[in-house]
């Protein structure tokens, strides 16, 4: 695994490139293969230092290898052993540094031998970021410009003063010149930062890659971004923890989604909204998608139309679907379901156990069951969290059907039970926030400080961050005073999508979350500590105990 560029935002001029070349015995990677190491360390286009040593592999060098490289057994007889030479190289190269990139021509060969020798000799190997000049050159120059992409051909093409000779230092010096020339060719196409190298060899059209400059003025902070057409239409909305890095990646990485690729080619500008936290950025993304209806966003734009399953009492107790659930009824309803079909499957599962009247959608009336009286009290308990009242009998039924090899029926009821449990899990997650007038929670930030969120009736009212080591109480007071005023909604989803509430619940449910305030708690008791006494707990319903069914294929 190579190191990720995800957290890098370093201009190439500030990166250190360790350009390395090896000569070997011709065998596979290991403790007895390397015969020579040559490397050049460059930064900002200037050579910083060089490393060169013959290596005694502890094994004979085949004659055909000597013929190609000129390295004989006699030449390496007094050279340092592989372990000694490799340890010296790794100390010099410092490949584990964040802004250091290991470079080689056909890097799989050279880095593979270095890694294999380090592992065989129990040396510490800090997996570096790797750049292959062979792949980079193929991106920079087509076969109409160079007959092939061998190091000798490329060195001559770019005018390198060093001719590759199958000796490590000469080949490393030539690779440096190829590297600089390739980066110069690719710079106008947006390859200007370390993070761009991760996708520099991807097949991205030059006209699209050059648009990566649209990200140059964006902040390296959380927020929401919008891709705009020449007419100013919002084509796509997204969120990111680092706006500049995320937007740049769209134009520098290969895009396999045809619709998104067309959108990128149409985009002429990018608009960004910086937010204090990543969570607020994700919430704003949801709201903007619902408001602007961007053509490329696939996410549902009508979450308020998703159905809930509730108990209707009149004239006889029966289960009904609704997209307008009163908030007062949220405690005894499950959902929302991703579709009406899923909700109907869940209703059939519950009706089959609870023996309630079935609802006839054509006549818009309840159809009385003749086999047993309706039990509204049991149904209410099941919908309020005791889903085992339905799940356990259905699991027994599914088991009996399987024993009788009636697998199609067993599969049908498994699918219906799964739909019911998924709806119950979602309800269990969002109910506490939907019915809470105000809740403030906190999570530690990487590097120190706290991230704070203020949630009111399931809606994000505000967020803030505190610096490392700072007392969070003044920030909490400011958040309390500046947070959005949210009135109690008459129904679920009236002002806030359940998707937003579920997103907030996931954040609050995180193991690192701390409870700061809840409506009705004396403000003077506000505190944040690392102790378990302040760890946020959440009511866990019966639905989560059936993960085997929930995670099963439908």
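Quick check on the exposure proxy: order 109, 89 from fewest to most C-beta atoms within 10 angstrom.
Lowest count first: 109, 89.
In nm, give the distance between the simple-model label positions of residue 206 and residue 386, each being 7 Å from the Cα along the Cα-to-Cβ direction.
About 7.2 nm, to one decimal.
With percent of Cα pairs over 32 Å apart defined as stated, name the option among (1) 62; (2) 58; (3) 53 computed from the structure displayed.
Calculated percent of Cα pairs over 32 Å apart: the matching label is (1).
Using alpha carbons only, how many degrees (0 to 90, rounded to 10) separate the axis of helix 82-93 from the longest principal axis of the chain?
70
Quote the FRET efficiency, to the nearest 0.05, computed for residue 262 versus residue 143 with a Förster distance R0 of 22 Å and r equal to the Cβ-Cβ distance.
0.20
Sort 398, 71 so that the residue with the fewest other Cβ atoms within 10 Å of its own Cβ comes first and the one with the most comes last.
Exposure proxy ranking, most exposed first: 398, 71.
For segment 16-46 and segment 177-215, what is the separation of their C-alpha centers, rounded to whole Å?
The distance from the Cα centre of segment 16-46 to that of segment 177-215 comes to 25 Å.
Of all beta bridges DSSP finds with both residues in the chain, what is the antiparallel percent, to the nearest 5?
Around 85 percent of the beta bridges assigned by DSSP in the chain are antiparallel ones.
What's the exposure ranking of 75, 263, going from fewest to most Cβ atoms within 10 Å?
75, 263
Give me the number: length gained by fully extending residue 519 to residue 473, i.e. 0.36 nm times residue separation minus the C-alpha to C-alpha distance, one decimal in nm. Present the calculation step by step, with values, prior to reporting the outcome.
Working: separation 46, 0.36 × 46 = 16.56 nm, distance 1.69 nm.
The span from residue 519 to residue 473 would gain 14.9 nm if fully extended.
Which number do you get for Rg(Cα) / (2.2 N^0.38 Å) in segment 150-218?
1.33
From a point 7 Å beyond the Cα of residue 324 in the direction of its Cβ, which residues of segment 485-501 have a backbone N at a distance under 19 Å?
488-498
Let's test the formula: R0 of 35 Å, r as the Cβ-Cβ distance of residue 341 and residue 487. What FRET efficiency results, to the nearest 0.05?
0.55
Between the helical axis of 278-292 and the dominant principal axis of the chain, each derived from Cα atoms, what acute angle in degrees is found, rounded to the nearest 10?
70
Relative contact order (percent) for segment 12-196, with alpha-carbon contacts under 8 angstrom and 6 or more residues of separation?
25
As I understand it, the value is the acute angle between the Cα axis of helix 107-120 and the longest principal axis of the Cα atoms of the chain; what does it come to in degrees, rounded to 10?
Tilt relative to the chain: about 80 degrees.
For a test of the definition: using alpha carbon positions, the gyration tensor, and the 1.5 limit on a/c, classify segment 204-299 as rounded, prolate or oblate.
Oblate shape, in that a/c is at least 1.5 and b/c is the bigger or equal ratio.
Since every read-out is calculated from the coordinates, none of them should be taken as a lab result. All figures in this text were calculated on a predicted structure; none of them were measured in a lab. All Cβ positions, glycine included, derive from the backbone under ideal geometry; neighbour counts span all protein chains shown.
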